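My structure is below; once you've seen it, I'll send some questions.
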Amino acid sequence: MLKLRDTTLAAIEEARFAQIVGRLQDATHARITGRVQDVIELTGKAYDISPPEQDSILNYLIQGGDLSLYGLTNAITRASQDVDSYDRATALESIGWQVATMPEAQWKEINA
């Protein structure tokens, strides 16, 4: 029974990992087609990101050179490292994941 449990848990973990990788791969193909500043501003409004944080995200997005949803996610998580408050940094990390996995309809609205 323990072997069955271990095998089942491993399969579930592997499937979950594959699902996460798939979501992130999809984010790499979701190009930013709108005005970059507008995309960041609308993301900021949707996820309660302050204007100074948005400026930092814009800076890191440009530095990273990846104008995709994945690049935006990376810029958000990178900007979290500059925040003085641990709680806020943790919140920005969480927002980064939420942005990477936002519904396609929401991304289309933000990226318009």
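Taking the criterion of being assigned to a helix (DSSP H, G or I), in contact (Cβ under 8 Å) with a residue 12 or more places away in the chain, under 21 Å from Ala112 (Cβ atoms) and of a type in the set (D, E, K, R), would at least one residue in region 66-85 satisfy it?
Residues of region 66-85 that are assigned to a helix (DSSP H, G or I), as a first pass: 69-82.
With in contact (Cβ under 8 Å) with a residue 12 or more places away in the chain added as a condition, the list becomes 69-80, 82.
This time we only want the ones that are under 21 Å from Ala112 (Cβ atoms), so: 69-73, 75-76.
From what's left, of a type in the set (D, E, K, R): none.
Within region 66-85, none of the residues are assigned to a helix (DSSP H, G or I), in contact (Cβ under 8 Å) with a residue 12 or more places away in the chain, under 21 Å from Ala112 (Cβ atoms) and of a type in the set (D, E, K, R).
May I ask you to list the residues in region 85-112 that are over 20 Å from Val21 (Cα atoms) and among the hydroxyl-bearing types (Ser, Thr, Tyr)?
Ser85, Tyr86, Thr90 - these are the residues of region 85-112 that are over 20 Å from Val21 (Cα atoms) and among the hydroxyl-bearing types (Ser, Thr, Tyr).
Scan region 86-109 for residues that are among the polar types (S, T, N, Q) and either outside any helix (DSSP H, G or I) or without any contact (Cβ under 8 Å) to a residue 12 or more places away in the chain (or both) and report the count. Even if it seems obvious, please write down each step before you answer.
First, the residues of region 86-109 that are among the polar types (S, T, N, Q): 90, 94, 98, 101, 106.
Going one step further and asking which of them are either outside any helix (DSSP H, G or I) or without any contact (Cβ under 8 Å) to a residue 12 or more places away in the chain (or both), we end up with 90, 94, 101.
Qualifying residue count for the region: 3.
Cβ contacts < 7 Å: first residue within 17 Å of Leu72 (Cα to Cα) and among the hydrophobic types (A, V, I, L, M, F, W, C), restricted to region 1-29; second residue modelled with pLDDT of 75 or more and not in a helix (DSSP H, G or I), any location; separation 6+ or different chain. Result?
These pairs meet every condition: Ala27/Ser68.
For region 25-39, give me the residue count where each residue is modelled with pLDDT under 95, in contact with a helix residue (DSSP H, G or I) (Cβ under 7 Å, 6 or more places away or on another chain) and surrounded by fewer than 15 Cβ atoms within 10 Å (Cβ to Cβ).
1
Determine if region 37-57 includes at least one residue that is hydroxyl-bearing (Ser, Thr, Tyr), assigned to a helix (DSSP H, G or I) and touching an Asp or Glu at 6+ places or on another chain (Cβ under 8 Å).
Yes, some residue in region 37-57 is hydroxyl-bearing (Ser, Thr, Tyr), assigned to a helix (DSSP H, G or I) and touching an Asp or Glu at 6+ places or on another chain (Cβ under 8 Å).
Can you tell me which residues in region 77-112 are within 14 Å of Val36 (Cα to Cα) and either touching a helix residue (DSSP H, G or I) at 6+ places or on another chain (Cβ under 8 Å) or buried (at least 17 other Cβ atoms within 10 Å of the Cβ) (or both)?
Hits for region 77-112 are Trp107, Glu109, Ile110, Asn111.
While we're looking at this one, here's another question. Please determine whether any residue of region 41-51 is surrounded by 15 or more Cβ atoms within 10 Å (Cβ to Cβ), of a type in the set (Ser, Thr, Tyr) and closer than 19 Å to Asn111 by Cα.
The answer is yes, given that some residue of region 41-51 is surrounded by 15 or more Cβ atoms within 10 Å (Cβ to Cβ), of a type in the set (Ser, Thr, Tyr) and closer than 19 Å to Asn111 by Cα.
The values are calculated or read from the model by the stated rules, or taken from the named source; none is laboratory data. No experiment lies behind these values; they were computed from the predicted model shown. Heads up, the Cβs are rebuilt from the backbone with ideal geometry, glycines too, and the neighbour counts pull from every protein chain shown.
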